[in-house]
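The values are calculated or read from the model by the stated rules, or taken from the named source; none is laboratory data. No experiment lies behind these values; they were computed from the predicted model shown. Cβ placement follows ideal geometry from the backbone for every residue including glycine, while neighbour counts extend to all protein chains displayed.
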C-alpha cells in the first residue's frame, strides 16, 4: 500500500474504527464484569449479613458474644480483611460487638457517609478498613422494637474484586489483541479483494498501451462498470479520430502536390531566365516544407494510436534481404544479430522507415560490409521500462564530429555524387524524437559510421 493510495486510506480508516470499537467494547466489558464480580461479592457478604441479623434477632442467652461462628475462619484471623460488626444505636445503650479479626478496630458506617439504602434496605460501598485495607462493606439497619435498634455490617477484602477484574482485563487484552490482528488481516484482505477490479483495470490498460489488448474485456462490478465502458468508448473514439486525421493528411498531400507540380512545370517552360528559376527554386522549397510538415502530422497522428506494438526481428531481416538485392553490384555483406524478443512500441511502417534509412545509408557508404545488431535493454533497473537498441555499422570512410552534426539536418548532403535527397537521417531523427527515442552517430568498430537508434520497447 503506497502513500496517498485508495487502498491505504481504506485500510487506515477501517483500522482506526476497529481500534476505537475494540477499546470501547473492552472498557464496557471490563466495567460490566467488575459490576458482576461486585454483585457476586455482595451476595456472599449478604449471606453473612443475614446470618448476623438472625443472631441479633434471636440471641443465644447462654452466649456472651454472638455469633460464635459464621462458617468462615477468616473472621477469626486477626486483620484478615474479613470483618463483621453489630452496633446498637439506641441512645444511652450504645454497644458495639465485632469479629475477632477486627481486634480493637472498627468499621466505618455507610449511612454516615450518605450512602442511600437499596430496595432490600441494605447499603453497599467501599470503605477504608484496618491497616488501610480497601473493603467492600454491606450494612443494614435492624429495628427490633423494644429490644433495640441495630446496625449490622459485614466487610470483605476488596482485593479479591480487584484481582478478579485484573485477571479478566488481562485475558480481555490478549483476546482483543488477537482479534485486532485477525480484523486487520481481514481488513487488508477485504481492501485488496474490493479494489482488485481497479487493479485489473490498471493491468488491462497497461496491456492496451503495450499492444497486447485492444479494449478492457470481461465483467466488472456494477460500481466501476461505467468506467470500463467509458474507457473503451474513449479508445474507440481515439482510433476514429486518428483514422480521420490520416485521411485528411493524405487528401491534403494530394491536393497540394498537383498545383505545385503545375507551378514548377509552367515556370520551367519559360526557359532559364532568372524569374523562372526563382519560381522553380521557391516552389521546390514549398514542396519540401509541405512534405516535411505533412510527414510530421502523419507521424503525430500515428503516435496517438494506443497499443501499437511491432516485432523488430522480422523488419530487420526483411530489410537486410532487400538491401542486399538493391546493392548487389557492390557485393555488400550484411551481418544481422537480432534479439528475437525485441519489440518496438510503435507502428511497423515507422520502424521500417527508420531502420530502412539507416541501413540504406550504411550500404551507400560501405566498402564491403554492414553489421546490424538489435538488443533489448532496461536502462533503469528501478523502472519497468524496456528500450530497443538498434546499431548499424559500416566499413566506409566514416564521418568527423562536425560532419555527423551536419548530416542529421534536413536536406544536408556531404557528397552530391551519391543518390538521395539528404532527408534520410533527419527523418530518422525526427521520427525517433516523436516516439521519445534518439539517434546517435559515432565511429564503428569496422572503421566507418555507427548509427545507434534507441526506441521505446516492450
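Structure summary
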quantity	calculated
Matching residues in segment 13-39 - criterion: being without any contact (Cβ under 8 Å) to a residue 60 or more places away in the chain and surrounded by 13 or more Cβ atoms within 10 Å (Cβ to Cβ)	36
Answer from 112, 169, 104 - the residue that is more than 16 Å from residue 52 (Cα to Cα), over 59 Å from the mean Cα position of the chain (by Cα) and part of a helix (DSSP H, G or I)	112
Of the criteria (1) closer than 24 Å to residue 436 by Cα; (2) modelled with pLDDT of 80 or more; (3) outside the structural domain of residue 373 (by TED's automatic domain parsing), which one residue 296 fails	(2)
Residue in segment 149-159 that is farther than 19 Å from residue 109 by Cβ and in a helix (DSSP H, G or I) present	yes
Residue selected from segment 334-349 under the condition touching a helix residue (DSSP H, G or I) at 6+ places or on another chain (Cβ under 6 Å) and over 28 Å from residue 397 (Cβ atoms), by the criterion surrounded by the most Cβ atoms within 10 Å (Cβ to Cβ)	344
Top-ranked residue in segment 315-326 [being farther than 19 Å from residue 428 by Cβ and surrounded by 13 or more Cβ atoms within 10 Å (Cβ to Cβ); ranked as nearest to the chain's Cα centre (by Cα)]	317
Residue match in segment 129-141 (condition: assigned to a helix (DSSP H, G or I) and over 24 Å from residue 108 (Cβ atoms))	no
Of the criteria (1) within 55 Å of the chain's Cα centre (by Cα); (2) at negative phi; (3) at pLDDT below 80; (4) crowded, with 17+ Cβ neighbours inside 10 Å, which one residue 307 fails	(2)
Test: residue in segment 57-75 that is modelled with pLDDT of 90 or more, touching a helix residue (DSSP H, G or I) at 6+ places or on another chain (Cβ under 7 Å) and either assigned by TED's automatic domain parsing to the domain that holds residue 117 or more than 30 Å from residue 146 (Cβ to Cβ) (or both)	no
